[in-house]
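Engineer: Below you'll find the structure I mean.
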Amino acid sequence: MKASGNKTTPAQAPAGLLWRITLLAVLLLCLIPRAEANDSKVILLATHPEKQAEKTGPEQNQDDIQRLLACIFKNVGLNYEIVHIPWARAKRELSRNSVDGIFLTSFSENTAGVNTQPIYLEKWFAFSHKNTLSDLRDQRIGVIRESDIAHWLNKQGINPYIMAASYQQLVEQFNAGRFDVFIADIRLLERASGASALLASLHRHFVRYMAKGLTFSAEFVRDNPELVRAFNNRIKQCNPAITDVNAAESAIIRQFAEHAVISPLPETVLARAAALAARDAQLSDTQIVQRDKAWQENIARQQRNTFMQAMMDNPVSAHLRKLSENVPEIKEVFITDEYGVLLGTSALLSDYYQGDEEKVTALTGRDSQVSDISFDASTGNFISHYSRRLQAPDGTALIAIVGLSLDDIFRGHDFTQAESAIQAPDTDANYTR
């Protein structure tokens with residue numbers, strides 16, 4: 001006996017079934033070019049258009065991300081395909097290892113995979129007509145609906161007053177007086193229709209950074225253990241501006257480090273550092289290399305040898321550690337001799353010898369330097385290092401290096417005033433104590 005009921009047409013097929021057919025087709029297509037591309041693997045990436053533009057409307061941001069990925073994968077010598085699917089489903093397929101990776105992911109998202117370093121860095125500002133901004137809980141805030149900003153505010157216990165469908169609508173509603181403050185990524189906002197004229201009249205108070213990257217599946221990383229490192233090594237080449245610090249930001253970093261760390265350094269601490277430098281001046285290059293190798297090996301094993309423990313217990317390290325504990329914006333601070341040999345540190349560093357690090361080499365011909373932004377995936381901190389030449393009471397040349405959390409020192413700062421009024425000091429000027 002034949003079953004009764006209407007036959008299901010393709011148009012009536014369940015959405016989940018259609019999606020699975022689409023994904024299977026993409027997977028099959030990905031198998032075809034493998035032989036044509038010298039047997040190279042075709043990587044399957046999943047995304048959703050809104051994750052590339054966060055409902056901004058402008059397609060330019062999506063194009064930028066596509067060009068960036070094309071550049072990175074070309075440089076690592078791999079081919080890839082992109083499938084567009086709902087974001088929740090993309091994360092689910094990643095956990096099942098049905099796709100090799102998904103983008104753009106926020107580093108706070110609970111995705112089952114391995115994150116790359118950031119390929120895109122958002123800067124969130126609170127825009128308003130106010131030159132001072134009190135607690136965000138006291139404001140009528142506008143945001144983009146279902147954006148990372150909206151989700152973040154909810155986690156802080158703050159309910160947005162208005163949630164717009166796009167940045168263009170957000171600007172229009174702000175101009176209509178529907179809310180007092182809106183929070184947005186500055187780069188995406190600048191591309192929104194009608195935003196440029198408005199931005200010139202608004203104050204912008206820094207809220208936070210948000211890192212966006214690509215997350216590879218656990219199985220894919222297990223089968224391709226070197227790919228994440230190769231991918232990360234190409235990000236700066238393909239997106240040089242991602243870690244840049246502008247003049248206003250550099251001035252704030254410099255001023256904070258000088259006020260919180262450099263100026264308060266007692267001469268007794270500098271004298272003790274000079275004594276340690278005199279002792280280590282007897283070391284040969286071979287001995288320094290051996291110490292550095294042993295240091296790194298112990299760090300890899302999460303151990304400390306006798307020398308490392310002595311370094312952490314010396315008076316210079318004790319002072320720097322106390323300073324770091326009292327100033328939460330400081331993530332690390334250490335002092336080296338003029339060649340980069342470590343003398344004292346607030347926390348264990350990955351290397352004993354710092355002379356080949358840009359934090360030291362960038363001081364060639366100058367007395368101070370602000371580094372590019374680095375991202376610490378283990379803590380979620382965005383760090384910039386301020387390097388400064390010092391002189392001990394007996395004339396010994398030293399170097400102080402201060403690692404600062406940028407989210408902490410920029411938070412609440414009015415960058416409208418900073419960009420117009422603060423000029424970065426001359427890096428060739430004499431900053432010697």
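Engineer: So which of Leu342, Leu363 is part of a loop (DSSP other than H, G, I, E, B), touching a strand residue (DSSP E or B) at 6+ places or on another chain (Cβ under 7 Å) and not small (Gly, Ala, Ser)?
Structural biologist: Working: Leu342 fails: part of a loop (DSSP other than H, G, I, E, B).
From the options Leu342, Leu363, the qualifying one is Leu363.
Engineer: Checking the structure you have, find out if any residue of segment 188-196 is surrounded by fewer than 19 Cβ atoms within 10 Å (Cβ to Cβ) and more than 28 Å from Trp87 (Cβ to Cβ).
Structural biologist: Yes, segment 188-196 has at least one match.
Engineer: Tell me the residue from Ile262, Ile235 that is of a type in the set (Val, Ile, Thr) and in contact with a Lys or Arg (Cβ under 7 Å, 6 or more places away or on another chain), please. Steps first, please.
Structural biologist: Details: Ile235 fails: in contact with a Lys or Arg (Cβ under 7 Å, 6 or more places away or on another chain).
Ile262 is the lone residue from the list that is of a type in the set (Val, Ile, Thr) and in contact with a Lys or Arg (Cβ under 7 Å, 6 or more places away or on another chain).
Engineer: May I ask you to verify whether Gly113 is within 21 Å of the chain's Cα centre (by Cα) and modelled with pLDDT of 85 or more? Quick ask: steps written out before the conclusion?
Structural biologist: On the way: within 21 Å of the chain's Cα centre (by Cα): yes; modelled with pLDDT of 85 or more: yes.
So Gly113 fits the description; yes.
Engineer: Output the qualifying pairs, or none if there are none: Cβ atoms under 6 angstrom, residues six or more apart or on different chains, first residue in segment 287-298 and of a type in the set (Val, Ile, Thr), second residue modelled with pLDDT of 95 or more and surrounded by 16 or more Cβ atoms within 10 Å (Cβ to Cβ).
Structural biologist: The qualifying pairs are Ile288/Tyr353.
Engineer: Right, next: Given the residues Glu267, Glu297, Glu325, which is the only one that is within 18 Å of Arg388 (Cα to Cα) and at pLDDT 95 or above?
Structural biologist: Criteria check complete, one pass: Glu267.
Engineer: Working carefully through the options Ile242, Ile262, Ile288, find the one that is within 25 Å of Gln117 (Cβ to Cβ) and either in the same structural domain as Leu404 (by TED's automatic domain parsing) or among the hydrophobic types (A, V, I, L, M, F, W, C) (or both). Steps first, answer last, please.
Structural biologist: Working: Ile262 fails: within 25 Å of Gln117 (Cβ to Cβ); Ile288 fails: within 25 Å of Gln117 (Cβ to Cβ).
So the residue among Ile242, Ile262, Ile288 that is within 25 Å of Gln117 (Cβ to Cβ) and either in the same structural domain as Leu404 (by TED's automatic domain parsing) or among the hydrophobic types (A, V, I, L, M, F, W, C) (or both) is Ile242.
Engineer: Working only within segment 155-208, note down all residues that are out of contact with any helix residue (DSSP H, G or I) (no Cβ under 7 Å at 6 or more places or on another chain), free of Cβ contacts under 8 Å to residues at least 12 places away in the same chain and outside any loop (DSSP other than H, G, I, E, B).
Structural biologist: Lys155, Gln169, Ala197
Engineer: A further question on this structure: For segment 395-412, enumerate the residues that are touching a residue at least 12 places away in the same chain (Cβ under 8 Å) and either surrounded by fewer than 19 Cβ atoms within 10 Å (Cβ to Cβ) or in contact with a Lys or Arg (Cβ under 7 Å, 6 or more places away or on another chain) (or both). Quick ask: steps written out before the conclusion?
Structural biologist: The first filter runs over segment 395-412 and keeps only residues touching a residue at least 12 places away in the same chain (Cβ under 8 Å), leaving 396-412.
Of everything in segment 395-412, those that are touching a residue at least 12 places away in the same chain (Cβ under 8 Å) and either surrounded by fewer than 19 Cβ atoms within 10 Å (Cβ to Cβ) or in contact with a Lys or Arg (Cβ under 7 Å, 6 or more places away or on another chain) (or both) turn out to be Ala397, Ile399, Ala400, Ile401, Gly403, Leu404, Ser405, Asp407, Asp408, Arg411, Gly412.
Engineer: Continuing with the same structure: Kindly list the number of the only condition in (1) surrounded by 15 or more Cβ atoms within 10 Å (Cβ to Cβ); (2) touching a residue at least 12 places away in the same chain (Cβ under 8 Å); (3) not in a loop (DSSP other than H, G, I, E, B) that fails for Arg137.
Structural biologist: Going through (1) surrounded by 15 or more Cβ atoms within 10 Å (Cβ to Cβ); (2) touching a residue at least 12 places away in the same chain (Cβ under 8 Å); (3) not in a loop (DSSP other than H, G, I, E, B) one by one, Arg137 breaks only (1).
Engineer: Could you list, in sequence order, the residues of segment 89-110 that are at pLDDT 90 or above and either in a loop (DSSP other than H, G, I, E, B) or touching a His at 6+ places or on another chain (Cβ under 7 Å) (or both)?
Structural biologist: Scanning segment 89-110 gives Ala90, Arg96, Asn97, Ser98, Val99, Asp100.
Rundown of residues vs (1) within 14 Å of the chain's Cα centre (by Cα); (2) of a type in the set (Ser, Thr, Tyr), yes/no style:
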{"site": "Met210", "(1), (2)": "yes, no"}
{"site": "Thr215", "(1), (2)": "no, yes"}
{"site": "Ala218", "(1), (2)": "no, no"}
{"site": "Arg222", "(1), (2)": "no, no"}
{"site": "Leu227", "(1), (2)": "no, no"}
{"site": "Ala251", "(1), (2)": "no, no"}
{"site": "Arg254", "(1), (2)": "no, no"}
{"site": "Glu258", "(1), (2)": "no, no"}
{"site": "Pro266", "(1), (2)": "no, no"}
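Engineer: Are there any pairs, at least 6 apart or on different chains, whose C-beta atoms fall under 7 Å, with the first in segment 311-336 and more than 16 Å from Ser263 (Cα to Cα) and the second part of a strand (DSSP E or B) and modelled with pLDDT under 95, and if so, which?
Structural biologist: Matching pairs, first to second residue: Lys331/Asn381.
Engineer: Would segment 301-308 turn up any residue that is assigned to a helix (DSSP H, G or I), outside the structural domain of Arg411 (by TED's automatic domain parsing) and free of Cβ contacts under 8 Å to residues at least 12 places away in the same chain? Even if it seems obvious, please write down each step before you answer.
Structural biologist: Residues of segment 301-308 that are assigned to a helix (DSSP H, G or I), as a first pass: 306-308.
From what's left, outside the structural domain of Arg411 (by TED's automatic domain parsing): none.
There is no residue in segment 301-308 that is assigned to a helix (DSSP H, G or I), outside the structural domain of Arg411 (by TED's automatic domain parsing) and free of Cβ contacts under 8 Å to residues at least 12 places away in the same chain.
Engineer: Within segment 210-224, is even one residue surrounded by fewer than 17 Cβ atoms within 10 Å (Cβ to Cβ), outside any helix (DSSP H, G or I) and not acidic (Asp, Glu)? Before the answer, list the steps.
Structural biologist: If we filter segment 210-224 for residues that are surrounded by fewer than 17 Cβ atoms within 10 Å (Cβ to Cβ), which is where we start, we get 218-219, 222-224.
Adding the requirement that they be outside any helix (DSSP H, G or I) leaves 224.
Next cut, not acidic (Asp, Glu) only: 224.
Within segment 210-224, one or more residues are surrounded by fewer than 17 Cβ atoms within 10 Å (Cβ to Cβ), outside any helix (DSSP H, G or I) and not acidic (Asp, Glu).
The values are calculated or read from the model by the stated rules, or taken from the named source; none is laboratory data. What you are looking at is a predicted structure, and each value in this text was computed from that prediction instead of being measured. Cβ coordinates were reconstructed from backbone atoms using ideal geometry, including for glycine residues, and neighbour counts include every protein chain displayed.
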